Amino acid sequence: MAELETRMLIGGEQVAGTGPELEVENPFSEETLATVATPASDQVDAAIAAARDASREWMRMPAADRGELLHEVATRMRARTDELAEVMTREGGKPLIENSDEVGWTAACFDYYAEIGRDSAGRVIPSIESTQLSLVLKEPHGVWGCIVPWNYPLLLLAWKLAPALAAGNATVCKPSELTPLSTLMLAPCFDHLPAGVVNILCGGGDVGEAITTDPRVDGVAFTGSVETGKKVARACVDRVARINLEMGGKDAFIVCPDVADRLDVAARGGAWAAFLNSGQVCTSAERFYVHEDVYDDYVNAFAEVTRGLVLGDPMEKDTDIGPMVSANQRSKVAVQVEAAVAAGAELVVGGDSGGRDRGHFYAPAVITGAPAETELLREETFGPVAPLVPVKSVDEAIELANSTTYGLGANVYTEDFRTILRCMRELKAGTVWFNDPLTDNDAGPFGGFKQSGLGRELGREGLEAFQETKHVHIESEIAAKEWWYPYSEYAGGEPPHGA
């Protein structure tokens, strides 16, 4: 078993917390995996102070030099893939194969921003007069707080940390209290950076609140629930700090009648989109709108795929579905499903422990007949549940897809280009996938409409989220302008250039 790291990273030093202890559970065995001491208030203060001090040197470093250091971060992460993936599996329950992929995606994000961060520092714009130069500069803010959830602890950290560093900011990072161990293991991947550029604190909401409300933190990047995201937003708005929020979704999955001969593929894609990481993905497909012409066949195909999934030890290579992250998370899903069944929905398959006598397992569930007003079709589930709903037309599918307060992602299976054009324009979601669910792209901005969030991660937009925009106006000749005071000497004709 990989060695577990419980020390935090503050000012370039790995230190034990002096605050209350936090138990980290293995959701498969339900045993305590490790005990981590959280930071006392003086340690939180020290981490933010270290970031503030380090930001001055880091922002002055040439972007190309920062880029080389970020490439080295990626190299070190890849070298530790096996041990990082093992610890992520033991603390989060996601199958080992998925966590190994996550380490690779995380490293790739650092490589991407190592390059894009030195690609441009702004642009030259047309000047008012021939003797002038006008520039738009992109500059770091200073210090960013990065607050990360438990479902993809390293990847969602990288989506914040890599662009923040590439832009020239220092950081204070807080992983979820459910999955802090893999993040704490990253300290050696950062020890070639100037001390204090990356700080890692573990803990719960009190630590997150301390980061969010501290005036030395210029911005906060957060991924998590809408409820917590609103608290982060209020704290940042009160002091006019920058915010970047990704707050989950209720993604729709539309199956059109023209894919009648490819329903096997659409069913496999749908099951993967719904059940990946036990449905604990912010872009999980949580509402399936299937045209009535293919509905019955799709339900049968989907149920067949679901029955073939293997629940088990997430460390085993044949396991498709591991346990959910906690008993509390499993309970939330079970309550939502039970309420839908009580309201008339039918549980076609799954919805139990899958025959497991330990671990927070919830067997992937396929549900039909759920009333539209149930939470199962209105509020985020964040579990392995696929409610399938028949629709009469693409019009109805789009209307239903847009009917919630969320707008993070959407999936569509169709071979009709006119339908693709309609859906890409009319679906109110930050990402729309056609015939290839949940595929991320480092160069493609990620974020949501409506209550799914503010701002974007990834792509150039993800870098600009951590940059301030400055306009610089340079006049090469020092001379009085004819439109200055006194106005009695102004020749008239054209209005003053400054007006």
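The values are calculated or read from the model by the stated rules, or taken from the named source; none is laboratory data. Everything quoted here is computed from the prediction, not taken from an experiment. Note: ideal-geometry Cβ built from the backbone for every residue, glycine included; neighbour counts use all protein chains shown.
On the stretch given as the range 202-225, residues that are touching a Ser or Thr at 6+ places or on another chain (Cβ under 8 Å) and among the aliphatic types (A, V, I, L, M) total 3. Checking the range 108-116 against the condition returns a match, with at least one residue being surrounded by 16 or more Cβ atoms within 10 Å (Cβ to Cβ) and either at pLDDT below 95 or hydroxyl-bearing (Ser, Thr, Tyr) (or both). Each residue in the range 25-49 was checked for being of a type in the set (Val, Ile, Thr) and either crowded, with 21+ Cβ neighbours inside 10 Å or not in a strand (DSSP E or B) (or both), and 4 of them qualify. Taking the criterion of being surrounded by 15 or more Cβ atoms within 10 Å (Cβ to Cβ) and in a loop (DSSP other than H, G, I, E, B), the residues of the range 2-24 that qualify are Ala2, Leu4, Glu5, Thr6, Arg7, Gly11, Gly12, Gly17, Gly19. Residues of the range 158-168 include none that is basic (Lys, Arg), closer than 14 Å to Arg460 by Cβ and touching a residue at least 12 places away in the same chain (Cβ under 8 Å).
Look at the range 349-369: where a residue is closer than 14 Å to Ser331 by Cα and a partner is among the charged types (D, E, K, R) and assigned to a loop (DSSP other than H, G, I, E, B), sitting 6+ places away or on another chain with Cβ atoms under 8 Å, you get Gly359/Glu30; His360/Glu30; Tyr362/Asp352; Ala363/Asp352. Scanning the range 81-95 turns up one or more residues that are among the β-branched types (Val, Ile, Thr), part of a helix (DSSP H, G or I) and either on the phi > 0 side of the Ramachandran plot or without any contact (Cβ under 8 Å) to a residue 40 or more places away in the chain (or both). Residues in the range 411-466 that are more than 30 Å from Ala114 (Cβ to Cβ), surrounded by fewer than 17 Cβ atoms within 10 Å (Cβ to Cβ), of a type outside the set (Phe, Trp, Tyr) and out of contact with any strand residue (DSSP E or B) (no Cβ under 6 Å at 6 or more places or on another chain): Glu415, Asp416, Arg418, Leu421, Arg422, Arg425, Glu426. The set of residues in the range 243-299 being among the polar types (S, T, N, Q) and in contact with a strand residue (DSSP E or B) (Cβ under 8 Å, 6 or more places away or on another chain) consists of Asn244, Ser278, Thr283, Ser284. Among the residues of the range 373-402, which ones are in a loop (DSSP other than H, G, I, E, B), small (Gly, Ala, Ser) and either without any contact (Cβ under 8 Å) to a residue 24 or more places away in the chain or under 26 Å from Pro314 (Cβ atoms) (or both)? Once the filter is applied, which keeps residues that are in a loop (DSSP other than H, G, I, E, B), small (Gly, Ala, Ser) and either without any contact (Cβ under 8 Å) to a residue 24 or more places away in the chain or under 26 Å from Pro314 (Cβ atoms) (or both), the range 373-402 yields only Gly383. Considered as a group, the residues in the range 233-276 that are of a type outside the set (A, V, I, L, M, F, W, C) and in a loop (DSSP other than H, G, I, E, B) include one that is farthest from Pro140 (Cα to Cα), and that residue is Lys250. With a requirement of 3 or more residues that are touching a helix residue (DSSP H, G or I) at 6+ places or on another chain (Cβ under 9 Å), the strands (runs of 3 or more DSSP E) lying completely within the range 122-176 that satisfy it span 132-140, 143-147, 170-174. Within the range 67-101, the residues that satisfy the criterion of being surrounded by fewer than 24 Cβ atoms within 10 Å (Cβ to Cβ) and among the acidic types (Asp, Glu) are Glu68, Glu72, Asp82, Glu83, Glu86, Glu98, Asp101.
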